[in-house]
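Okay, so here's the structure we're looking at.
Computed from the coordinates by the stated procedures, all read-outs in this text should not be read as laboratory data. No experiment lies behind these values; they were computed from the predicted model shown. Positions of Cβ are backbone-derived with ideal geometry, glycine not excepted, and every protein chain shown enters the neighbour counts.
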Amino acid sequence: MPKKSDTARKLEDVGIEIDGDVESAEEDKKAKSKGAKKTAAGKRGKAAASEDGEDEDEDDEPPRGRRAANKKKAAHADEEDSDDDIPQRRCAGNRRRGKVRESGRDGENEKSGRKNRKGGNKKKDGKGKGKDKENDKDSDKDEKKKKNSSGDDSKSDEEEESMSEGEMAKLMEEVEEKKKLIANIRIKPWRMRRRLQVLKEAQQFVDKFEGALGKGKGRKLYAYKVMMMKKWIKFQRDFENFRTSCIPWERKIKEVESHFGSSVASYFIFLRWMYGMNLVLFSLTFGLVVIPEVLMGLPYGSISRKTVPREEQATAMDYSVLTDFNGYCKYSVLFYGYYNNQRTIGFLKFRLPLSYLLVGIGTFGYSLMVVIRTMAKNADVGGGDGEDNEFTFAWKMFTSWDYLIGNAETADNKYASITTSFKESIVDEQENQKDENIHLRRFLRVLANFFITCTLGGSGYLIYFVVKRSQDFANMDNLSWYEKNELEIIMSLLGLVGPMLFETIAELEEYHPRIALKWQLGRIFALFLGNLYTFLLALFDEVNSKLEEEESIKNASLWYIKEYYANYSANNPNDTGTPPPMDPADIIRGPCWETTVGIEFVKLTISDIQVTYLTILIGDFLRALIVRFLNYCWCWDLEAGWPSYGEFDISGNVLGLVFNQGMIWMGAFYAPGLLGINVLRLLTSMYYQCWAVMACNVPHARVFKASKSNNFYMGLLLLILFLSLLPVVYTIMSLPPSFDCGPFSGKQRMFDVIMETIDLDLPAFMGTLFSYVANPGLIIPAVLLMVLAIYYLNSVSEAYKNANMELKKKMQMARDEEKNRRNNKDSTNQVMKDLEDLLPNRSPAPPENSAEKKHDQGGKSPKVKPGSAGGGVHLQKDVSLASANPSARGPVTRAPGPRGPGPLPGQPGPGRGQGPPPRRQ
Amino acid sequence: MFLKEILRLFHRYHDLAPQLVPLDYTNQPEVSLPYELIGSMPELKDNPFRQRIAEVFSEDGEGNMTLDDFLDMFSVLSEMAPRDLKAYYAFKIYDFNNDDFICKSDLEKTLNKLTRDELTEDEVRMVCEKVIDEADLDNDGRLSLEDFQHMIMRAPDFLR
């Protein structure tokens, strides 16, 4: 073994030398041509080594003694080794050098005689050396080395002389080979001892012949290459780590996943995705609308829409007012009304109204694109639910542990995650194995769906009814508290009872939890749509009333301004200049329905955040605290019994997130600040919920694997996006904007701002171009074309899907085939055996029998083997058919023919499985 | 390069028990470190199979490692090692009773180590049956090295 010290390098050289010695000695014993060759190799090595040694001698005297000692030790060790594993090593050596030898054989053979002689010399040397070693250490060493090296030098000279061109080439090859070996030594599947040995041999060889052939450059190049390779691998790993660490909250989510399973983690992944999307929306809105307005627009208090009205100014800074988003909040950049309708603002001539509209539309455009893209991308990731690998469990069992883990906490997490993933797979497997009364199950499912449809219909009608009533109530005075709040109460009751009811009914269906979750999500979604409907209805009522109010105020306001100027000129008759502008706080202003809508949405979002967080705090944290600490002094086991710890409510949380996002989409146009609030909410929610889950919840009783793609969530999101798109687009296209607030004030419709830009800012031909484009004669064919494209792409994807299925099937077949080919030895044989058992009985005449048998075998065996893809089952069928035959064939009239003792079942017959079975007789 | 790594490993080895391992390895001292020391290395400390790993790589089969064994272990566990070598040693590691087959009891042990006995009896049994069902190509109810390699070479995670 190498010495681990600063002399290790030298040791290597020396060890090589000894190695050569030992080998030559041992080789001699065998006295074969092979041996001769090996000796030669050893010799060569020795030469190289001693050359090296000489150099070092000159360089550094002191360590020499040490080296000598090393050498001796090494020699001892090696000698011992070689005694043990000569054959093994030899054969390894052969294997290793087989190629080289073959190529080099011719050249070597002629030299072998000479070499053999030299080997003899060498051997003597070695022996002498060994003896010397025993006697004393330092003094003799020097001399001996000199001797060796001189001898070797001369020999190597000789060799070099005798080398021809072809030999050079061969040698070169050999050297290359060795160098490759050196480079790859690390990945050779040998024990350390042998590896070192091979390395030494190879190195000395290279050292020696590189000298003969030229420079030692090649080796350095190899070393460099290997080093770079290693560096590259390490870099890749580091880069991967870096990339992973760049994914936000990856650690947190993994931690949750390891304890709660992928289903809970899927919620957090969804949340993270939402955060990413909202971040983009937020930067769009803030970068293109809010910040330009703040930096370049008119300052607060300059015009009426940017000023708190005089009558509100007293309370505008009150906390209660601010939390209602009135007062200063209402007249801030957060809401639609604050923005001015100047065509361009600032020295950059930024077209704020246009930008506002485009960002509003772009928000939807971007969201749609991202959602659809993600859905499409996810579709090819997981495709289906669960995995259909051939080795799900085996891989989990053997490859799930990460051998790089070196941290107790990580290890804990890994244990948890492995356990969880096993549980997930077990649940899947149990579902697969379940085979009960299918009719009962179907009946129950239909029944459950019937119940749920009834519930949904009932609640829908209830909502409709209550909304109707509340519209009646709105016109009445002196209502009781209940009548005032009826709508809200009913809605929250429905939201509370509905999901629980659905969950209970879903028990009937006994779906796999993953599918059950989907159903549950869909049903609650349908229920919540009612909520949305009432909210929107109320909002539209409000907007309509505001619009009516606006008409009258518009006139009043205009009149008021006229009055003001009239008064002014009346009061200051000698002032001919323009009157000082009115204090913006005093101007009569319209209700500005856009801001009202924005405030509604912001309020809703805020209250949603509050409710969610409080629910977590009370429902999970407090409950966990009580269960944990009151358990010491309670009459039953709180942890195992009734309250227990909460489970993470996936469906509720996902739907909360989805509906919240719907609110954001609807409200963002009227309250650009809403996006900022939402980003904050998602950010805090990530940390808060992660903490809450880890601290207060327990994993589900049946941990199930979420489908790899979050596509179901995405689908819900897409639906809600579409639903929230409708009202916003409706308002943009068909409601007149307020006359005195917002970027579109003074226009007939909001989208007029685009027309204006086309008319005023773009060259004239663009206008005509747009008018052409807007022509129905162009639009209808375009729509048609798009429909055709969609149809085409759809059918293409369908075809791909089919092809995919086919390929999957083929893979499955191939797998079965492989599996069967391996077992087939057995089953084929089974058939053969049965045939053999059968045949003698069948035919009366033994000679015919044999012929027939032969024929039969010839016909059957090739058929069976390739058909093995069919699986063991088919073979078994064949067998049973075959064995049924003889009994049907009638009574046996004569004793079985003289056939040899056929292979008994379970007892391997001769030639079992290979080729045609041996013929008997 | 190779030597540098060996040297580094030697220092690791030496640091495990400075009083036992001489710095001077010239005279091939018959030193082997007990499993307790090997198993306490940070690389192995948290590995559920540390005992098996030590046993497989040690010459005496009891986890006491000489320097050679130590080097062997690290070279196999290094990322430069070829996959089939790793597969071979992985097989040996999972083959708890050294009978050259991974049988049910081996699987159960593996599983219990991986999950820290958190699965119920039934679940363990089911998983083991599934594993054998999946990977056993010759239907002998246990996994041979061939089965194991066939299975593990297809594993996406088998990189270590």
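Per-residue shielding of B:121-133, expressed as the average number of other chain Cβ atoms within 10 Å of the residue Cβ, stands at 4.
A simple spin-label model places pseudo-atoms 7 Å from Cα toward Cβ; at A:ASP318 and B:VAL31 they are separated by 8.3 nm. Near A:ARG523: Cβ cut-off under 14 Å, other residues only, Lys/Arg at +1 and Asp/Glu at -1. The net charge is -1. Stretching the chain fully between A:ASN485 and A:LEU625 yields a gain of 47.0 nm (0.36 nm per residue, less the alpha carbon separation).
Where in the stretch A:597-689 are there GluC sites (Glu not before Pro) that are in a DSSP coil and have at most 16 other Cβ atoms within 10 angstrom of their Cβ? Filter output for the stretch A:597-689: A:GLU639. Pairs exceeding 18 Å between alpha-carbon atoms, taken from A:LYS230/B:LYS45; A:LYS423/B:LYS45; A:LYS396/A:LYS705: A:LYS230/B:LYS45; A:LYS423/B:LYS45. The length gained by stretching the chain between A:ILE618 and A:LEU298 to full extension, at 0.36 nm per residue less their Cα-Cα distance, is 110.6 nm.
Here the calculated FRET efficiency for B:GLU129 and A:LEU462, from their Cβ-Cβ distance with R0 = 45 Å, stands at 0.30, rounded to the nearest 0.05. Each of A:TRP636, A:TRP273, A:TRP691 was scored by other Cβ atoms within 10 Å of its Cβ. Arranged with the fewest first, they read A:TRP636, A:TRP691, A:TRP273.
A viscosity of 1.567 mPa s and a temperature of 4 °C, combined with the Kirkwood radius over Cα pairs in Stokes-Einstein, give a translational diffusion coefficient for the stretch A:277-374 of 87 µm²/s.
What's the percent breakdown of Cα-Cα distances in the stretch A:596-751 across 10 Å bins, shortest bin first? P(r) over the stretch A:596-751, rounded to whole percents: 9, 28, 27, 18, 10, 5, 2, 0.
Distance between the pseudo-spin-label points of A:GLN471 and A:GLU548 (7 Å out from Cα toward the beta carbon): 1.3 nm. Per-residue extension of 0.36 nm, minus the Cα-Cα distance of A:LYS349 and A:LYS377, leaves a gain of 6.0 nm for this segment.
For the peptide B:5-12, the mean number of other protein chain Cβ atoms found within 10 angstrom of a residue's Cβ is 3. Going from the residue with the fewest nearby Cβ atoms within 10 Å to the one with the most, A:LYS234, A:LYS747 rank A:LYS234, A:LYS747. Phi-derived couplings, Karplus 6.51 cos²θ - 1.76 cosθ + 1.60 at θ = phi - 60°, listed residue by residue for the stretch A:734-745: 10, 9, x, x, 4, 7, 10, 8, x, x, 10, 5 Hz, with x used for Gly and Pro. Applying the Karplus relation 6.51 cos²θ - 1.76 cosθ + 1.60 with θ = phi - 60° to the stretch A:543-558 yields 3J(HN,Hα) values of 4, 4, 5, 5, 4, 5, 4, 4, 3, 5, 5, 4, 4, 4, 5, 4 Hz, where x marks Gly and Pro. Label sites at A:SER797 and A:LYS234, each approximated as a point 7 angstrom past Cα along Cα to Cβ, lie 4.7 nm apart. Size estimate for the stretch B:50-99 follows the Kirkwood approach: the inverse of mean 1/r over distinct Cα pairs works out to 10.9 Å.
What the Kirkwood sum gives for the stretch B:1-77 is a hydrodynamic radius of 12.5 Å, with every pair of different alpha carbons counted. Counting charges near A:GLY742 (Lys, Arg +1; Asp, Glu -1) among other residues having Cβ under 9 Å from its Cβ returns a value of -1. Averaged over the residues of peptide A:527-537, the number of Cβ atoms from other protein chains lying within 10 Å of each residue's Cβ is 0. Each residue of the stretch A:810-816 was assigned a 3J(HN,Hα) from its phi angle through the Karplus expression (A = 6.51, B = -1.76, C = 1.60, θ = phi - 60°), giving 5, 4, 4, 4, 4, 5, 4 Hz with x at Gly and Pro.
The protection proxy used here, the mean number of other Cβ atoms lying within 10 Å of each residue, ranks peptides A:421-429, A:613-621 as follows, highest first: A:421-429, A:613-621.
Provide, for q = 0.09, 0.20 Å⁻¹, the log10 of I(q)/I(0) from a solvent-free Debye sum over equal Cα point scatterers in the stretch B:44-160. Debye output, listed in q order: -0.25, -1.20.
The calculated FRET efficiency for A:LEU680 paired with B:ARG8, based on their beta-carbon distance and R0 = 51 Å, is about 0.55. Defining a contact as two alpha carbons under 8 Å apart and six or more residues distant in sequence, what relative contact order in percent does the stretch B:83-154 show? The value is 37 percent. For the pair the stretch B:53-119 / the stretch A:510-542, the C-alpha centres are spaced 53 Å from each other. A DSSP coil position with no more than 14 other Cβ atoms inside 10 Å describes the following GluC sites (Glu not before Pro) in the stretch B:20-125: B:GLU30, B:GLU59, B:GLU62, B:GLU79.
Computing FRET efficiency as 1/(1 + (r/R0)^6) for B:ASN112 and A:CYS633, where r is the C-beta to C-beta distance and R0 is 30 Å, gives about 0.25.
Computed on the stretch A:228-349, the Cα convex hull volume stands at 196 Å³ per residue.
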